[in-house]
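One structure is given below, encoded as structure tokens.
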Amino acid sequence: MTTSGKSRLYRRADVFLHGFLIAAIFITLAPFVYIALSSFKTQISLLMGQVTFTPTLLNYDEVLFDRTSDYLRNFTNSVIVTTISTLFVVTISFFAGYSLFRMRWPSYVVNTFLIWSMAFNLIPSVTLASAWYDLARTVGISNDYLALVLAHTTLHLPIALWLLASFFREIPRELEDAAYVDGAGFITLVRRVVAPLMAPGLVATAILIYVFSWNEFPVALALTNNETGTVPVAIAKYAQEEEIKYTQMAAASVLSAIPALIALLFGQRFIVRGLTAGAVK
Amino acid sequence: MKTPEKNTIPSMAMIGKASIVAAMLASSATFAASHAPVNVVINQSPWLEGFAAIADLYEDETGNEITLDVNPYAGSLEKQRNAVRSEESEYDLLIINGIFYPEMYHGGFLEPLKSIDPEFDLDSRVYEYGGTPWFDSESRAIGKEDGQLLTVPVNPNITLLFYRKDLYEEKGWEAPTSFEQLESNARALHNPKKMYGIAQRAGRATVSVTWDFFPYIQGFGGSYFRDSDAGDYFVTINSEAAREALETYVRLASEVGPENPANLTQGDLIQLLVTGKLAHTVLPAAAWAQMDDPNKSAVVGKVGYATLPSAEGFPSTPALGHWLGGIPKNIPDEKKRAALAFLDWFQQPETQIQYAEMGGAPISAAAYESDIADRPENRYMKAMVTASPLAKGMWTIPEGAELAAITELGLNRAVAGEITVTEALNSMAADLESVLSEAGYATGRLPDLE
Amino acid sequence: MPHFSPLGKYLSLLPALLVFALLALLPVINLLITSFHEVSWQAGTKQMEWVGLDNYADIPADPLFKAGVINTAIVVIFATSAQVIIGLALALGCSALGKKGRFYRPLIILPLLIPGIVIGAIWRLMYNSEFGVFNLILEAVGLTGHDWLGSSSTALASVIVVDIWHWTPFAFLLLLAAVESLPRDVSEAAKIDGATTWQEFRYVTLPLLYPAIFMTFLFRAVMASKIFDEVFLLTSGGPGTSTEVVSFTIFQRYFLQDNPGYGSALSVSIIFVVSVIIVIALNAGRSRELAQS
């Protein structure tokens, strides 16, 4: 096969792939565009299904500056809780995973751990929330960040452990052994060998855990008050007894997604590098 | 502060109260905070802004501190339940929904207001909302005669008939008082896709279609239970009157309403109304605020309000969806006194009139009968004067949610046409009876409809 | 060759163990105990009455639960399969384009960033039969609209569509990580052997991806069996019981009807049943791996 023939073939395949991905992006983005456009409409304009409309900033004004809204604080709270709990989850599950999957525990220990964490993941949040509320009140940390951080850590640790399990299993044992023969200590081994190999898994896990924690509602509702409430709790306030304030809700969602979107766009080189780092083997 | 001399004929008790308030106001001018700070749990709502404003006014006038912990509507029950069930409640004043106050009453979570201050009583101008502020923990019945005062109403939400006043004026009609009139007017205005005659909720939720159907069953002379206020839970949902009511409800839904009425929620009703596609609907009074807001409505100034219709010889019966302020048992005494002081200040006629002026939702006849109600933008208040004293609650037992789950499903299926009206009523009656008898109530039910 | 200290082995597991023991075990034990009791409140204090297995005995006759199990199974099977298939196609597509495909990745992940409660509210609006964008489009091209959430025949399918939209990015992300970690030399070798793209995919790439596909499927299935947010705002289980799902039934029984005893029994049963299914699935997956190696 000549080089030019190969590239022509690739190009035709590429066009097809681009077409497919663009179609997928369109379907993915359409509701998002709808949400974004809604955030610039008045409620009545949205309900009338108006296609052309005069954009208004009323919704953003209400979300950010209304006296019954405290969105910036909610946003800060979310950043704090989500960042810390994601760090906790990824760190704890990394070490636990390393221990469980690379350090020769009897298989019943590993399986008990895995099945238990999956079973825990199945418990409806309503039942957990009230139990954690009692616990937090007893220890005196209810309405503190700490309560929600710990709850989110517990809630998402099982998922992280499962996600990392499949990545840990794929690290070739010879690499570790080689490093050990070279006289590397535990820390060096983790830092130089295991962590880089695990990078795609860790990055994917961290992204997912961050997103889960950012959007978690029932437990955040039970464990916070107006001082510590997170973004979903704030957004839920727009679903009221007599009306759903769609446009304000849309504005709040856009504001909540923008930073994450920017992070994804600018950080994507890092994410992609993270996701592909494992390809070295 | 405006003096309310022309609307109020204060009773002796009230004069006493008023002077206490006056004394409090006077003292606050010189001394700061005479009470501990009060932490109020409340949910986000269209009336929150008004309530926050009146709380600010209280702080300004008395120097006492009020903080509002504002929660999503969907979370208000959970937050309050968690608080009253813990060692010490983090909230000093609970703003309790008309749906879950029975749980608070029966569970014994609220401090009777007179045991905080024996002198305290509900102001005579405050609406009694079917006797729901009082509860007798022995007989487990609500009502003023035998009950202890547990709460003070804080929001007057009840159902009203919302109708297109402009179309009525064109036709030269008056607001309908009978179901017959309502139906014929709805038929006359029904013009599918452009304008629906009437829409009411039939969607399943916690308490949705059950609440909307309540004025119908009552208005035709029937009831869900024989006398639930007095604690008599003999099931009467399968009476002839109930059948007539449900047939009317289903007929209106299927013949002069939007297609597929079985998934309609309150949000949908409001959407249809504000976009000018609906001639009549039944909504909680609080929804009036959206009707005249040009950012939310295409029918500004065109919606009229009236109490619910009823059949000849039976009273109109709006359904209660009000909110009550209660003080939990598991807080220190000084907190209880502080919370009661705020409630007392709040219920006074002069506060209530100010509250109305600030765009709040008053609970006292003093406000509704004041000249504020004459302003065109406050026209809903006229309907409230008639409707408020007529309003009733559906049940007052903690099993309410279980009962509602049955009626929500049965009524929803009847409107959806999955089962006939008679089947729906008979099966609901059987299910209601079994839940009630399992929970230990003396119950029973009417013989099945044929 | 034990090239690690036993201390490190225990120490690195300890934090996870602590979290599970202190924060996860307590609520679960509480759940188990509650499931054998009837809980009520009198004079502000909790009354726990031992009822043995009564709560469990009530489960088979619960009409909501029955409908919930069936609908949840349908959601799990259809939504999860669709998510894995679409997610895999997107992951392979993005990966095949290499650097040129970078642009798509963050955009595909976007739906994950929206809280479930907003997704429910906004899709409800889009499905609305009077003002919804779907019907507006249908009517614009001359077709008649449909009440997607209001009629029993389409309500569940409409919920599934939302779930697919929301969670395909999850499958995409996991599968992309797996695809990107595939060893390149194998695919090069296949090319040199003259394999067509399809053959390469069918006999080289796909088998290598089986573990990841299996895990993604399992994950999504477990998460889909808890589907709640979407149903809560879209349909609340209606019309009739056509979109009733298990977690919604538990929410109703446990929380709204304040029947923690029965609600706990429901939770425990579900946890038990799904755990058994997972164990069976894992064993099947493992024996398959063994058979291949």
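Using 1/(1 + (r/R0)^6) with R0 = 25 angstrom and r between the beta carbons of residue A:139 and residue B:138, what's the FRET efficiency to the nearest 0.05? Before the final figure, lay out the partial values.
Working: r = 38 Å, r/R0 = 1.53.
E(calc), rounded to 0.05, equals 0.05.
So what's the projected area for region B:320-430, the Cα convex hull averaged over all directions, in nm²?
Details: hull surface 42.6 nm².
With every direction weighted equally, the projected area is 10.6 nm².
Between residue C:136 and residue C:10, what is the label-to-label distance in nm when each label sits 7 Å out along the Cα-to-Cβ direction?
Label at residue C:136, label at residue C:10, 6.5 nm between them.
List every residue whose amide H lies under 5 Å from the amide H of residue B:43, counting only residues 5 or more places away in sequence or on a different chain, with H placed 1.01 Å from N in the peptide plane.
B:71
Once both labels are modelled 7 Å past Cα along the beta-carbon direction, what's the residue C:203-residue A:87 spacing in nm?
5.1
Most mobile of A:230, A:86, A:205 per a Gaussian network model of chain A (Cα springs, under 10 Å)?
Highest fluctuation of the listed residues: A:205.
Taking only the alpha carbons of region C:70-246, what extent do you get along each of the three principal axes, in Å, biggest first?
58, 37, 26 Å, listed from the longest principal axis down.
Show me B:369-377, C:123-131, A:149-157 ranked by packing, highest mean number of other Cβ atoms within 10 Å first.
Numbers: B:369-377: 14.6, C:123-131: 22.3, A:149-157: 24.4.
Highest to lowest by the protection proxy: A:149-157, C:123-131, B:369-377.
Starting from the Cα of residue A:36, step 7 Å along the direction of its Cβ; do the same at residue B:193; then give the gap between the two resulting points in nm.
Here the modelled spin labels are 3.4 nm apart.
Just going by the charge dipole of the protein assembly as shown, with Lys and Arg at +1 and Asp and Glu at -1 on Cβ, which of B:222, A:29, B:291 is farthest out on the positive end?
Positive-most Cα among the choices belongs to A:29.
Rounded to the nearest 0.05, what FRET efficiency do residue B:146 and residue C:70 give with R0 = 45 Å and r taken as the Cβ-Cβ distance? Could you check? Before the final figure, lay out each step's value.
On the way: r = 48 Å, r/R0 = 1.07.
Computed FRET efficiency for residue B:146 and residue C:70 comes out at 0.40.
Lys and Arg at +1, Asp and Glu at -1: add these up for the other residues within a Cβ distance under 15 Å of residue C:113 and post the number.
Details: positive: C:105; negative: A:216, C:229.
Combined, the nearby Lys, Arg, Asp and Glu give -1.
Give or take rounding to whole Å, what are the principal axis extents of the alpha carbon atoms in region C:146-201, in descending order?
56, 22, 11
So what is the 222 nm mean residue ellipticity for the protein assembly as shown from helices alone, if each DSSP H run of at least 4 adds -39500 (n - 2.57) and you divide by all residues, rounding to the nearest 500 deg cm²/dmol? All intermediate terms of the calculation are to be shown ahead of the outcome.
On the way: 43 runs with 586 residues, N = 1024.
It lands at -18500 deg cm²/dmol.
Determine, from the Cβ-Cβ distance of residue A:27 and residue B:374 and an R0 of 60 Å, the FRET efficiency 1/(1 + (r/R0)^6), rounded to the nearest 0.05.
Rounded to the nearest 0.05, the efficiency is 0.65.
Dividing the Cα radius of gyration by the Kirkwood radius, what Rg/Rh value follows for the protein assembly as shown? Working shown, then result.
Values: Rg = 30.4 Å, Rh = 30.7 Å.
With Rh from the inverse mean 1/r over Cα pairs, Rg/Rh is 0.99.
Given a cut-off of 25 Å, name the pairs among A:41/B:79; A:237/B:193; B:171/B:194; A:237/B:194; B:296/C:226 whose C-alpha atoms lie farther apart than that in the structure shown.
Details: A:41/B:79 33 Å; A:237/B:193 32 Å; B:171/B:194 18 Å; A:237/B:194 32 Å; B:296/C:226 35 Å.
With Cα atoms farther than 25 Å apart: A:41/B:79; A:237/B:193; A:237/B:194; B:296/C:226.
Can you work out ³J(HN,Hα) from phi for every residue in region B:305-311, in order, using Karplus 6.51 cos²θ - 1.76 cosθ + 1.60 and θ = phi - 60°, giving whole Hz and x for Gly and Pro?
10, 8, 6, 5, x, 8, 7
When the Karplus curve 6.51 cos²θ - 1.76 cosθ + 1.60 is applied with θ = phi - 60°, which whole-Hz ³J(HN,Hα) does each residue of region B:125-134 get, with x for Gly and Pro?
Working through the residues one at a time gives 8, 6, 4, 8, 6, x, x, 5, x, 9 Hz.
The numbers here are math on the coordinates, done by the rules we state, and not lab data. The shown structure was predicted, so the numbers you read here are calculated from the model rather than taken from an experiment. Heads up, the Cβs are rebuilt from the backbone with ideal geometry, glycines too, and the neighbour counts pull from every protein chain shown.
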